[in-house]
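Below: one structure, written as structure tokens.
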Amino acid sequence: ILRDFPGLSGVVHSFSGSLVQAQRLVDRGFYLGLGGAFTHARALRLRATIQSLPLERILVETDAPWQSAENYRGQRNEPAFLLETVHALAHLLQMSPQALAEQLTRNTLALFHFQEKS
């Protein structure tokens, strides 16, 4: 369907697809929203896919009240848990949470076409 709308971009909410799907979406200009799904023990393929993604196309999200991270499994998800998602993603990508947060901020600003203030 997306091929029928050239130039369309945005965020693919709660991405959990394959590396091929991710590459096709990124090539079309999409950002990939990552939530708690990648923190679950059985999400091996998704974690491997995330490690292959360009950092400039990743966003994080909580999808409250659903899709809690592994440590909140079975509980209501809350936006307040976003920081834990960032920490888990930073660990997966072997970078500091601060550096990841800075990149995620740049990605968000780029998505919404905002300029960072100097």
Practice item. Please enumerate the residues belonging to the range 35-65 that are among the small types (Gly, Ala, Ser) and either under 20 Å from Ala110 (Cα atoms) or surrounded by 11 or more Cβ atoms within 10 Å (Cβ to Cβ) (or both). Key: Gly35, Gly36, Ala37, Ala43, Ala48, Ala64
Exercise for review: Check the range 80-103 and report whether any residue there is in a loop (DSSP other than H, G, I, E, B) and β-branched (Val, Ile, Thr).
Suggested key: no
Review point. How many residues, within the range 1-34, are of a type in the set (S, T, N, Q), part of a helix (DSSP H, G or I) and open to solvent by less than 70 Å² (accessible area, probe 1.4 Å)?
Key: 0
Practice item. Look at Ser68 and say whether it is open to solvent by 40 Å² or more (accessible area, probe 1.4 Å), at negative phi, in a loop (DSSP other than H, G, I, E, B) and among the hydroxyl-bearing types (Ser, Thr, Tyr). Key: no
Practice item. Report, ordered by the first and then the second residue, all pairs with beta carbons closer than 6 Å, sequence separation of six or more or different chains, a first member in the range 16-37 that is in contact (Cβ under 8 Å) with a residue 60 or more places away in the chain, and a second member that is surrounded by 19 or more Cβ atoms within 10 Å (Cβ to Cβ) and part of a helix (DSSP H, G or I). Key: Tyr31/Arg57
Check your understanding: Going by the structure shown, is Leu82 of a type outside the set (Phe, Trp, Tyr) and modelled with pLDDT of 95 or more?
Key -> no
Review point. Looking at the range 59-72, is at least one residue touching a Pro at 6+ places or on another chain (Cβ under 7 Å) and not aromatic (Phe, Trp, Tyr)?
Key: yes
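The values are calculated or read from the model by the stated rules, or taken from the named source; none is laboratory data. Just so it is clear, the structure is predicted and the values come from calculations on it, not from any experiment. Note that we place each Cβ from the backbone using ideal geometry, even for glycine, and neighbour counts take in every protein chain shown. Keep in mind that these areas ignore ligands, DNA and RNA; they rest on the heavy atoms of the full protein, side chains included. Shrake-Rupley method; radii C 1.70, N 1.55, O 1.52, S 1.80 Å.
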